[in-house]
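What follows is a set of notes on a single structure, which appears directly below.
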């Protein structure tokens, strides 16, 4: 179909031009016959056919070749196309098609250039952030070791205190490297998910218990929105979903207000989906930062110093784990009101059968 359409457009100009030549040529020939003798209709018809065929073939071949050379020269001049992109078939003589193709090329190239610019900015931000995250514990370790080498190693109390602090800084480095390794595997799809059915309510409660002491330091209450008397089974990688819940709750505790509350709810979304919501009444996130929250090492606090610890990869890991499950994650937040992170999960077939 496309080939037929291209042929029709290609022949249209040559066909019309040939008709004009035939009309003009035959008119002149008829006038000369009439002027000097009598009109011979047989000769006129034969001449008309001959003129048309010669004109059509000549125009079709010559103009296509002419346009192809001109368009190829444009491609060569701008040096944006590889030679393989220039079509090997004759270029159509329909100028509207040519114009549309060139406009499409220009638009595609602009999109490509804009995308490259965005990626370059992202690369610069990432390198700056990762260097910031790594240099702090590295300089800490270096400082303690240099102090010990300068003579503090002879003092038993100082030696033990500095070694403990240096060990904590090394643990932070290992934590960052492990998270980087995990997120790299998630991004390239190199992490196999071990999906199985499990009770999401039980898993959330176990994460509550694990983070109880951390939350108690800021007097933050970790709670469900209601009592769930029955289990809710989902089909996912239990270990990875535990990490998602842990990362979200840790963030909620870090940026939550003293004496605050973090509430988790599990709701039916559609027949085979549930949605898990993690809601707090903390400091909230300005709207300008929300589109970039899930980027690696992105900081809402742009001052260059972190008030709280962590690898800076928590939310990025959360996003990749949820997307690896083929699910969605959402965030809503308002400054001085709080934030809500929510994600979907597939219901287990056991749960669906119970509902039916």
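Miscellaneous remarks
- Scanning the range 143-173 for residues that are within 30 Å of residue 294 (Cβ to Cβ) and at pLDDT 80 or above returns 168, 169, 170, 173.
Here is a yes/no grid of residues against (1) in a helix (DSSP H, G or I); (2) free of Cβ contacts under 8 Å to residues at least 12 places away in the same chain:
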site	(1), (2)
167	yes, yes
209	yes, yes
218	no, no
264	no, no
267	no, yes
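- Any pair with Cβ under 7 angstrom, 6 or more apart, that starts in the range 317-338 at a residue that is at positive phi and ends at one that is in a strand (DSSP E or B) and modelled with pLDDT of 90 or more: 338/279; 338/280
- Among the candidates 272, 251, residue that is within 26 Å of residue 192 (Cβ to Cβ) and modelled with pLDDT under 90: 272
- Criterion violated by residue 287 - all others in (1) loosely packed, with under 14 Cβ neighbours inside 10 Å; (2) modelled with pLDDT under 80 satisfied: (2)
The values are calculated or read from the model by the stated rules, or taken from the named source; none is laboratory data. Because the structure is predicted, anything quoted here is derived from the model rather than measured. Note: ideal-geometry Cβ built from the backbone for every residue, glycine included; neighbour counts use all protein chains shown.
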